[in-house]
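Notes follow once the structure below has been shown.
Any read-out appearing in this document is the output of simple, stated calculations on the displayed coordinates, not a laboratory observation. Just so it is clear, the model here is predicted, and its values are computed rather than measured. Reconstructed Cβ throughout: ideal geometry from the backbone, glycine too, with neighbour counts over all protein chains shown.
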Amino acid sequence: MVLEILGTRILAPSLGTTIEVWSAIITIILVSIAAGYFFGGALADKKQKSWILPAILLSSAFFVMLISFLKTLVLETFLTFPYGIRALWYSASLFMLPAFFLGSSTTYIIRNQIKKIHSVGSVNGKIYGISTVGSLLGVYTTSFYLVPTFAISSIITGLAALLFCTAFISFLNQPTSWED
């Protein structure tokens, strides 16, 4: 959700904040997260390695950090495209990979938290509940505190740093019973 809020601020100078821009950002984020859910779930069923979740989180941090470096290049690259297509391309170029890896982490975490078949529902409920609360906090913190207080590039750097720290903590907290 933080990426969606920041996305409108990143695209606003070139495209404004029209309904088409919002729709493009939301569409790309949702499609990317959904693809990430599928990928993360399939990966978790195939490979139970202690380094995979940290690698997924590091990938998301890396692609979040790239947003700051690529945004000007991306915005200049698609100037001749029709408005709606341009909004989709801008959104896809900047937000697809970070959202994909963030979605992958969710299903990978769920699979790794399930110890017995009878706990599937409670594990899913817990992870998605925590995720939703995190999204709500992210939206309000970003909208009402971060964006009015900090430069967008600083917020992106902070988000990437948070993801890097999460990856590091994830690495330290991996079960030792998995084979590497």
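Suppose every Lys and Arg Cβ carries +1 and every Asp and Glu Cβ carries -1, with no other charges. What dipole size does the range 59-180 come out with about its Cα centre, to the nearest 20 debye?
Using Cβ point charges on Lys, Arg, Asp and Glu, the range 59-180 gives about 300 debye.
Scattering from the C-alpha atoms of the range 1-156 alone, worked out with Debye: what is log10 I(q)/I(0) at q = 0.14, 0.21 1/Å?
Summing over Cα pairs of the range 1-156 leads to -0.73, -1.34.
Rounded, prolate or oblate: which fits the range 1-86 when a ≥ b ≥ c are the square roots of the eigenvalues of the alpha-carbon gyration tensor, with rounded for a/c under 1.5 and prolate only if a/b beats b/c? Could the numbers behind the result be given before it?
On the way: a/c = 2.75, a/b = 2.03, b/c = 1.35.
It is prolate, given that a/c is not under 1.5 and a/b is the larger ratio.
Which is the longest part of the chain that has none of the trypsin sites (Lys or Arg not before Pro) sitting in a DSSP loop with at most 16 other Cβ atoms within 10 Å?
Longest site-free region, per DSSP loop and neighbour criteria: 50-114.
Mind jotting down the three principal axis lengths of the range 72-180 based on Cα atoms? Whole angstrom, largest first.
Answer, in whole Å and largest first: 54, 31, 28 Å.
With a cut-off of 8 Å between alpha carbons and a minimum separation of six or more residues, what is the relative contact order of the chain in percent?
Once normalised by length, the contact order is 40 percent.
With angles folded into 0 to 90 degrees, how steeply does helix 19-46 sit against the dominant principal axis of the chain? Use alpha carbons for both and round to 10.
Approximately 20 degrees, to the nearest 10.
Just PRO98, PRO54, PRO82 to compare: in a GNM of the chain, with alpha carbon springs under 10 Å, which one fluctuates most?
Its mean-square fluctuation being the largest, the pick is PRO82.
Quick one: among THR80, THR141, THR17, which has the greatest mean-square fluctuation in a GNM of the chain with alpha-carbon springs under 10 angstrom?
Among THR80, THR141, THR17, the largest GNM mean-square fluctuation belongs to THR80.
Just going by the charge dipole of the range 1-160, with Lys and Arg at +1 and Asp and Glu at -1 on Cβ, which of TRP51, SER135, PHE69 is farthest out on the positive end?
The listed residue farthest towards the positive side: TRP51.
Which distance in Å, rounded to a whole number, links the C-alpha centroids of the range 28-70 and the range 112-180?
12
Helix 52-77 versus the longest principal axis of the chain: what angle, 0 to 90°, nearest 10, using Cα atoms?
10
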